[in-house]
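Asks: Let me begin by handing over the structure; questions about it come next.
Here, each number is a calculation from the coordinates, and none is a lab measurement. Computed from a prediction, not measured in an experiment: that's the story for all the values here. Neighbour counts are summed over all protein chains in view; Cβ atoms, including those assigned to glycine, are modelled from backbone coordinates with ideal geometry.
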Amino acid sequence: MYLLVQEQAEQGTRDFSGDLVMRDQQYWSTQGVARGKRLEFWNETLRNSIFELNFEARQPVFNAELTQHGVGPLRLSHVAISTGHTVTRSSAAIARSEISRFNLNYVERGELVANQHRRMSTLKSGDFILLDSRERYSVASSDRTRHVSLHFPVEWLKRWLPNPEDCAGRPIRRGMPWSAALAASLGDARSFADAPQGLSSLCADQLAGAVALAFGPVESGNSAHCRKLYLRLLKTLEDLSHDPELEAKDVANALSISPRYLYKILSRENTTYCRELVRIRLTRASRMLRDRRFDTVSVAEIAWRSGFRDPSHFSKRFRQTFGCPPGAFRKASH
């Protein structure tokens with residue numbers, strides 16, 4: 001791989017567009033890479049610095065630059081690309097990935113068209129969009145784009161957005177409440193490449209708080225007490241979900257509440273018992289399909305161990321969620 005580590009400098013450097021690139025920890029560039037190797041190099045760069053994506057450029061010869069540094073538990077990437085291009089997160093790439101993140105993309109220059117969960121959004125300078133790396137998506141761009149991508153660990157982001165999945169594919173438009181504060185926080189984060197860990201983590205909290213404000217209040221009707229009970233409910237459901245005969249009353253009994261109260265708590269979190277149960281079971285199945293230790297275990301057996309009684313129903317729900325059958329998912333992950 002052609003990895004160029006940029007030495008930190010007081011003045012920064014200028015990218016091919018003439019804009020100032022702030023000092024950073026790591027720097028990748030197609031400059032100096034043979035023209036016929038740039039596409040391969042850039043796909044490898046994305047795979048190693050962010051996660052696996054399929055990058056396709058409209059022009060065979062292009063310039064691209066990426067600077068990246070940490071902000072507490074987060075990663076902040078600044079990307080500039082000279083030509084129009086398409087970036088796709090496919091089911092096969094998801095299956096091969098060991099790390100899951102949410103990416104908040106901020107358009108500094110140019111235009112992007114993002115598509116996830118059948119939500120298609122055209123983004124212009126000053127707009128944001130949150131994308132879930134665990135689900136398929138695509139982004140098409142105009143020429144000479146520059147954007148910032150903020151990479152959130154999934155569980156860490158859930159401290160600020162209880163259901164970030166509901167925000168995936170939703171744009172935050174320039175001029176909407178708190179969008180200016182979020183853009184300013186991103187700008188301030190550039191100076192934290194060398195900050196002590198405590199200050200860097202504080203900056204990460206500020207960024208997450210700005211994201212939560214920009215997406216608006218959490219739509220939960222539960223009180224603080226019921227919110228804690230909801231989290232206990234999910235943990236109990238995960239512990240018991242391997243049982244194909246599991247019913248809502250069994251979970252309610254484990255929590256010493258009535259089934260009616262269980263349904264009420266889930267309803268106030270905009271979800272249902274069946275939706276959460278299937279989500280947990282599919283997550284467990286996908287982990288086993290990725291794990292080479294389970295190579296000798298059949299797909300039908302994995303379905304049963306995950307809590308699915310009917311292999312055909314399992315395959316149908318798995319395809320709906322991951323975009324491919326369980327067998328293809330296992331093959332791609334290996």
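Asks: Under a 5 Å amide H to amide H cut-off, with H placed in plane at 1.01 Å, what residues pair with residue 137 once short-range neighbours are removed?
Replies: Sorted by chain and number, the residues that satisfy this are 89.
Asks: What's the percent breakdown of Cα-Cα distances in the range 224-333 across 5 Å bins, shortest bin first?
Replies: Per 5 Å bin, starting at zero, the Cα-Cα P(r) for the range 224-333 comes out as 2, 12, 23, 20, 15, 12, 9, 5, 1, 0 percent.
Asks: So if each residue of separation counts as 0.36 nm, and I subtract the Cα-Cα distance between residue 305 and residue 199, what length gain in nm does that give?
Replies: This chain segment gains 33.7 nm when fully extended.
Asks: Assuming R0 = 35 Å, can you tell me the calculated FRET efficiency for the pair residue 156 and residue 312, based on Cβ-Cβ distance, to the nearest 0.05?
Replies: Numbers: r = 37 Å, r/R0 = 1.05.
The pair residue 156/residue 312 has a calculated efficiency of 0.40.
Asks: In a GNM of the chain with a 10 Å cut-off on Cα contacts, which of 200, 149, 312 has the highest mean-square fluctuation?
Replies: Sorting by GNM fluctuation, first place goes to 312.
Asks: When all C-alpha to C-alpha distances in the chain are sorted into bins of 20 Å, what percent of pairs does each bin hold, rounded to whole numbers?
Replies: Whole-percent P(r) values from 0 Å outward: 28, 54, 18, 0.
Asks: If you count, for each residue, the other Cβ atoms within 10 Å and average over each peptide, how do 72-78, 86-92 line up from highest to lowest?
Replies: Going from most to least packed, we get 72-78, 86-92.
Asks: In addition: ³J(HN,Hα) across the range 126-141 via Karplus (A = 6.51, B = -1.76, C = 1.60, θ = phi - 60°), whole Hz, x for Gly/Pro?
Replies: For the range 126-141, the Karplus-derived couplings read x, 8, 10, 8, 9, 10, 9, 6, 7, 10, 5, 7, 9, 9, 10, 10 Hz, x marking Gly and Pro.
Asks: Hey, another quick one. Counting Lys and Arg as +1 and Asp and Glu as -1, what is the net charge of the other residues whose Cβ lies under 13 Å from the Cβ of residue 254? Intermediate values should be presented prior to the final figure.
Replies: Numbers: positive: 232, 235, 249; negative: 238, 239, 243, 247, 250.
Taking every other residue near residue 254 into account, the sum is -2.
Asks: Which residue, 34, 303, 93, tops the fluctuation ranking in a GNM of the chain built on C-alpha contacts under 10 Å?
Replies: 34
Asks: Can you compute 3J(HN,Hα) from phi for each residue in the range 60-68, using the Karplus curve 6.51 cos²θ - 1.76 cosθ + 1.60 with θ = phi - 60°, rounded to whole Hz and x for Gly and Pro?
Replies: Karplus values, whole Hz, x for Gly and Pro: x, 10, 8, 10, 8, 9, 9, 10, 8.
Asks: Once you have the Cα-Cα distance between residue 163 and residue 263, take 0.36 nm times their residue separation minus that, and quote the gain in nm to one decimal.
Replies: Full extension of this stretch gives 34.2 nm more.
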